2 protein chains.
Amino acid sequence: MKEFKNGKIVSNAMQLDCFFYPKNVAVIGASGESKSIGFTIFQNFLKSGFCKKVFPVNPNHKIVQGKKTFQSVKEIPVDLDLAVIVVPAKFVPKVLLECVEKGVEAAIIISAGFSEIGEKKLTAELAEIIRQNPQTRVIGPNCFGITVPENGLDTTFSERRKMGIPKAGNVSFMSQSGALGIAVMDWISTQKFGISKFVSYGNAMDVDETDLLEYFNGDKKTKVITMYLEGVKHGRKFFEIAKKTTPKTPIIALKGGITPETHKATASHTGSLAGSAEVYNALFKQTGIIQAKNLFELFHFAKTLEREPLPDGKTVQIITNGGGYGIITADSVIENGLELSKLSIKSLEKLKKIFPKIATLGNPMDLTGGADSKMYVEAAKTALIDSNVAMVMVLILFNTPAIDSKIVKELIELKKRAKKPLIVVSTGSAYTAKRLIELENGGITTFNYPHVAARCLKILAEYSEFKKEANEKN
Amino acid sequence: MKEFKNGKIVSNAMQLDCFFYPKNVAVIGASGESKSIGFTIFQNFLKSGFCKKVFPVNPNHKIVQGKKTFQSVKEIPVDLDLAVIVVPAKFVPKVLLECVEKGVEAAIIISAGFSEIGEKKLTAELAEIIRQNPQTRVIGPNCFGITVPENGLDTTFSERRKMGIPKAGNVSFMSQSGALGIAVMDWISTQKFGISKFVSYGNAMDVDETDLLEYFNGDKKTKVITMYLEGVKHGRKFFEIAKKTTPKTPIIALKGGITPETHKATASHTGSLAGSAEVYNALFKQTGIIQAKNLFELFHFAKTLEREPLPDGKTVQIITNGGGYGIITADSVIENGLELSKLSIKSLEKLKKIFPKIATLGNPMDLTGGADSKMYVEAAKTALIDSNVAMVMVLILFNTPAIDSKIVKELIELKKRAKKPLIVVSTGSAYTAKRLIELENGGITTFNYPHVAARCLKILAEYSEFKKEANEKN
């Protein structure tokens, strides 16, 4: 967070654009030694779409990874939006000053060795440079950096052979913890949803969670904001921005250090003020931030909120071709405070006419193992237009002989016109996984486990209600 | 469940052996029509290790799938242990009688069309044959059948192109619901643990959950019993056998129909008496059955109980190379009622000498991103011999440059000598997944998510305490 200068705001969220959409980038500390961080970061740039606009800086080499290398950032003959700094901590203040002199708009300091290890002198020196030069915004130090799948920007030191890159999408993620950031980014690359912006912001000596929240709030490519938080630096401002954001864009937070024991550990490991669980519970509740209990929830909530329309109510119609499978799903739906919808008499009469007698037209609606694509489509279509139904949960065991591949195409068609949430759940191996990916590619949100799907629909219904109330007040 | 005859027990659990280890099998209703269930079942037999001992029966064909076919089971020139029956419901009584006359010891009736659709006459006819002939045990009707990965037996109609087969292992599973059975079996095939015996027992006109429980209790190849239950037919006997089983073999149950709404649905869909959630909660508690909240829990609990030694206490030492990753894990450990262990002064002094200063020797023990295999092994070794520690949770971000492939081998070596639970948690994509599979193959239980691992250790600690108390009483 930057300050005012001469009564003028010298920093604001939109300044952060240069971090995510830079034209010309310098990698200061780019290296040719294959096991160093400076090697991996520069290599990732060369391999990505940013290769023509990246300038290596290293006073000890004239060529790094085959590219002409500059002694100092000041020698680079073009204007720079972004500098990624990976030099040893003791050189960071000098290098950052050179960036300021060069007029670089944004700097990401990957280097560690500051407050997180109790290094006071260097930290103070860096803080002073940052304070005096608000025109250069800084992320870090001691961070993992930024990834923007949309344009290929990746300032992190992820080794490609060891880590995946998430697909482009509309969920943005921020994390104080670099380690958690690494795990999350790698894991998301295996998931069926995409990322808009990923930021690991480390010690947050300038840009912090509040700045990023404000930026994401104004970012058209961000539909859902997710964050891993241990502490918040500027509680009041964070509160205000969060309160302004949630009626428009959902925020999902995973809070680390929620017990007295772990609270102590977070305080020691990031050096930030980690408030008690109660303080954060209150903060989240008052601002409408959705709290996830674990990583798994964080991103399943995000995926659902990104893709599904907001429901008008909390009734769910379950449609299935497996009795027991429907029952455990209904159990989860009710345990999550949702309701099993009751189809209108009109809907029931319509379905009774076309379905065989063994189908159970309750909720769960059990089409039985003999159900084919046509029965599923009729059932889902009817539920979608029935005003007693707010959300439709389609459970499919794809391995029954009666289910053919047509069901994927037909559900996708139905979903295109649907104004209610319609999700698909299926538990299985490779054959089932393929069908789910086809559905996802066609715009349908899918889940492997009924209890996860139910929990996500609960969050969707709750956010829908929150948003409606928040916007009615304004 | 069979009855007594002339004052002698004519049925007992060990009679069920012929279902799982048959020598000669007849498939009655084996078919050459590729979309029929009789086709798939017989094809699965031909493709499995049972091919030489299987006899197709079909009065309408002389050759089915290239094999000489018999008009009736009575024509088969050898003694039969098992008959799999897949003829239309109306022929089932006649066919079963022929099996009785032939002296077949066990029959699995896959065919549906009995009490589950309200068909009273056929059901009564079948019931009478079963009652009068206790020497032939029956599973079904309306079931998915049996799979025994150990010997290749598979009486189900899983199409191989659509479904996986679980690996051989020590977890046995029973399900009333065929649909849930299908989903579970297919899904387990993607998991890192194996199955001893899988049984979908359908309408349970003879063999029911109580018989299977008794059989699994006496089965040397079953170390953990899992079940999906909607209702129990013989509550008192089930209670007694469960109570006898749990001090020796853990039982994990997922109960379907735990809310008033779904309770009604289970009663209608299987026709069995589904008691209220409270009744089952009491049953599970009094017998020491571990209740899973969902499918995911059911099998993660099973995997942990199958593989890990029982801990002496509920203290957990977390070792990590990622600060935030350790924090969320510690949160989950505490939320699950476990305790963060405090290493002895001796352990701490030993580690202080050999670790760099930036490592945090608390709990989580944060070895930081620079941690290598050697640090991990020293930390784990120390925790394993420290009497303040009951369980060791090793969290590894495999994508850091400092972690090399040696860590897998070294942890496996350590685990071989470990007498405490030692599990590994890592969240990531393909590179990480490979390391986890290597660890699993070496005998280490691994998890993708910290909160799942913590929940499993809680169950492990609770079962350990339960077993100790139960055995002290006896």
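Kindly provide the set of residues from the stretch B:440-474 that are aliphatic (A, V, I, L, M) and in a loop (DSSP other than H, G, I, E, B), ordered by number.
As a first pass, look at the stretch B:440-474 and keep what is aliphatic (A, V, I, L, M): B:444, B:452-454, B:457, B:459-461, B:470.
Result: B:Ile444, single match.
Can we say A:Val389 is part of a loop (DSSP other than H, G, I, E, B) and not polar (S, T, N, Q)? It is true that A:Val389 is part of a loop (DSSP other than H, G, I, E, B) and not polar (S, T, N, Q).
One residue alone among A:Gly362, A:Gly322, A:Gly313, A:Gly370 is under 19 Å from A:Ala390 (Cα atoms) and at pLDDT below 95, and that residue is A:Gly362. Would it be correct to say that B:Ala390 is under 26 Å from A:Gly256 (Cβ atoms), small (Gly, Ala, Ser) and at pLDDT 95 or above? Judged against the criteria, B:Ala390 is a match.
Taken as a whole, the condition of being in a loop (DSSP other than H, G, I, E, B) and either closer than 14 Å to B:Ser111 by Cβ or at pLDDT 95 or above (or both) does not apply to B:Ala83. Those residues that are in contact (Cβ under 8 Å) with a residue 12 or more places away in the chain, under 29 Å from the mean Cα position of the chain (by Cα) and surrounded by fewer than 24 Cβ atoms within 10 Å (Cβ to Cβ), I need them from the stretch B:334-346; list them, please. Answer for the stretch B:334-346, where residues must be in contact (Cβ under 8 Å) with a residue 12 or more places away in the chain, under 29 Å from the mean Cα position of the chain (by Cα) and surrounded by fewer than 24 Cβ atoms within 10 Å (Cβ to Cβ): B:Glu335, B:Asn336, B:Gly337, B:Glu339. What's the number of the only condition in (1) of a type in the set (A, V, I, L, M, F, W, C); (2) surrounded by fewer than 23 Cβ atoms within 10 Å (Cβ to Cβ); (3) within 14 Å of chain B (Cβ to nearest Cβ); (4) touching a residue at least 40 places away in the same chain (Cβ under 8 Å) that A:Leu310 fails to meet? The number of the failed condition is (3). Among the residues making up the stretch A:356-376, those that are crowded, with 19+ Cβ neighbours inside 10 Å, in contact (Cβ under 8 Å) with a residue 24 or more places away in the chain and either of a type outside the set (Ser, Thr, Tyr) or under 27 Å from A:Lys458 (Cβ atoms) (or both) are A:Asn363, A:Pro364, A:Met365, A:Asp366, A:Leu367, A:Gly369, A:Ala371, A:Tyr376. Does A:Asp331 satisfy being at negative phi, of a type in the set (D, E, K, R) and crowded, with 24+ Cβ neighbours inside 10 Å? Here the answer is yes, as A:Asp331 does meet what is asked. Under the condition of being hydroxyl-bearing (Ser, Thr, Tyr) and within 24 Å of B:Ser177 (Cβ to Cβ), which residue from the stretch A:435-453 is nearest to the other protein chains (Cβ to nearest Cβ)? Per the stated criteria, the residue is A:Tyr449.
Determine if the stretch A:45-63 includes at least one residue that is of a type in the set (Gly, Ala, Ser) and either touching a helix residue (DSSP H, G or I) at 6+ places or on another chain (Cβ under 7 Å) or on the phi > 0 side of the Ramachandran plot (or both). Checked against the condition, which is being of a type in the set (Gly, Ala, Ser) and either touching a helix residue (DSSP H, G or I) at 6+ places or on another chain (Cβ under 7 Å) or on the phi > 0 side of the Ramachandran plot (or both), the stretch A:45-63 yields no hits at all. Can you tell me which residue is farthest from the other protein chains (Cβ to nearest Cβ) among those in the stretch A:356-375 that are in contact with a helix residue (DSSP H, G or I) (Cβ under 6 Å, 6 or more places away or on another chain) and not aliphatic (A, V, I, L, M)? Applying the filter and picking the extreme gives A:Ser373. Looking only at the stretch B:410-434, residues that are among the β-branched types (Val, Ile, Thr) and more than 14 Å from chain A (Cβ to nearest Cβ) come to 2 in all. Based on this model, can you work out whether B:Ala183 counts as within 14 Å of chain A (Cβ to nearest Cβ), among the small types (Gly, Ala, Ser) and outside any loop (DSSP other than H, G, I, E, B)? Spelling it out, B:Ala183 is indeed within 14 Å of chain A (Cβ to nearest Cβ), among the small types (Gly, Ala, Ser) and outside any loop (DSSP other than H, G, I, E, B).
Which residues, counting only those in the stretch B:35-75, are part of a loop (DSSP other than H, G, I, E, B) and crowded, with 19+ Cβ neighbours inside 10 Å? It would help to see each step written out before you state the result.
Residues of the stretch B:35-75 part of a loop (DSSP other than H, G, I, E, B): B:35-36, B:48-50, B:58-62, B:65-66, B:69, B:71-72.
Residues satisfying the conditions are B:Phe50, B:Asn58, B:Thr69.
Scanning the stretch A:186-222 for residues that are β-branched (Val, Ile, Thr), part of a loop (DSSP other than H, G, I, E, B) and under 24 Å from B:Asn448 (Cα atoms) gives a single hit, A:Thr190.
Here is a yes/no grid of residues against (1) out of contact with any Lys or Arg (no Cβ under 9 Å at 6 or more places or on another chain); (2) surrounded by fewer than 22 Cβ atoms within 10 Å (Cβ to Cβ):
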| position | (1), (2) |
| --- | --- |
| A:Leu180 | yes, no |
| A:Gln191 | no, yes |
| A:Gly202 | yes, no |
| A:Val207 | no, no |
| A:Asp211 | no, no |
| A:His234 | yes, yes |
| A:Gly257 | no, no |
| A:Lys264 | yes, yes |
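Looking at (1) in contact with a strand residue (DSSP E or B) (Cβ under 7 Å, 6 or more places away or on another chain); (2) surrounded by fewer than 24 Cβ atoms within 10 Å (Cβ to Cβ); (3) within 27 Å of B:Gly370 (Cβ to Cβ), can you tell me which one A:Arg161 breaks? With respect to (1) in contact with a strand residue (DSSP E or B) (Cβ under 7 Å, 6 or more places away or on another chain); (2) surrounded by fewer than 24 Cβ atoms within 10 Å (Cβ to Cβ); (3) within 27 Å of B:Gly370 (Cβ to Cβ), A:Arg161 is out only on (1).
Count of the stretch B:316-334 residues, restricted to those that are part of a helix (DSSP H, G or I) and more than 8 Å from every other protein chain (Cβ to nearest Cβ), is 2. Flag: B:Thr304 matches the condition of being surrounded by 24 or more Cβ atoms within 10 Å (Cβ to Cβ), more than 13 Å from chain A (Cβ to nearest Cβ), within 25 Å of A:Leu254 (Cβ to Cβ) and under 29 Å from the mean Cα position of the chain (by Cα).
Determine which member of the set B:Gly202, B:Gly231 is of a type in the set (Gly, Ala, Ser) and free of Cβ contacts under 8 Å to residues at least 60 places away in the same chain. Even if it seems obvious, please write down each step before you answer.
Details: B:Gly202 fails: free of Cβ contacts under 8 Å to residues at least 60 places away in the same chain.
On inspection, the qualifying residue turns out to be B:Gly231.
Please verify whether A:Gly169 is in a strand (DSSP E or B), surrounded by fewer than 24 Cβ atoms within 10 Å (Cβ to Cβ) and either of a type outside the set (A, V, I, L, M, F, W, C) or without any contact (Cβ under 8 Å) to a residue 24 or more places away in the chain (or both), treating the condition exactly as stated. So A:Gly169 fits the description; yes. With respect to A:Glu105, is the statement that it is in contact with a helix residue (DSSP H, G or I) (Cβ under 8 Å, 6 or more places away or on another chain) and surrounded by fewer than 16 Cβ atoms within 10 Å (Cβ to Cβ) true? Against the criterion (in contact with a helix residue (DSSP H, G or I) (Cβ under 8 Å, 6 or more places away or on another chain) and surrounded by fewer than 16 Cβ atoms within 10 Å (Cβ to Cβ)), A:Glu105 does not qualify.
Inside the stretch B:403-417, can you point out the residues that are part of a loop (DSSP other than H, G, I, E, B) and without any contact (Cβ under 8 Å) to a residue 40 or more places away in the chain?
Going residue by residue through the stretch B:403-417, those that are part of a loop (DSSP other than H, G, I, E, B) are B:403-405.
Within the stretch B:403-417, B:Asp404, B:Ser405 meet the criteria.
Of the residues making up the stretch B:335-351, just one is in a helix (DSSP H, G or I) and within 14 Å of chain A (Cβ to nearest Cβ), namely B:Glu335.
How about the stretch B:394-407: which of its residues are within 14 Å of chain A (Cβ to nearest Cβ) and within 26 Å of B:Phe296 (Cβ to Cβ)?
The answer is B:Leu395, B:Ile396, B:Leu397, B:Phe398, B:Asn399.
Considering (1) surrounded by 19 or more Cβ atoms within 10 Å (Cβ to Cβ); (2) within 13 Å of chain A (Cβ to nearest Cβ); (3) free of Cβ contacts under 8 Å to residues at least 60 places away in the same chain, the lone condition that B:Ile289 does not fulfil carries the number (2). For A:Met227, indicate whether it is touching a Leu at 6+ places or on another chain (Cβ under 6 Å), part of a strand (DSSP E or B) and within 30 Å of B:Val333 (Cα to Cα). The answer is no for A:Met227.
The values are calculated or read from the model by the stated rules, or taken from the named source; none is laboratory data. It should be emphasised that the depicted structure is a prediction, and the values quoted were computed from it without experimental measurement. Note that we place each Cβ from the backbone using ideal geometry, even for glycine, and neighbour counts take in every protein chain shown.
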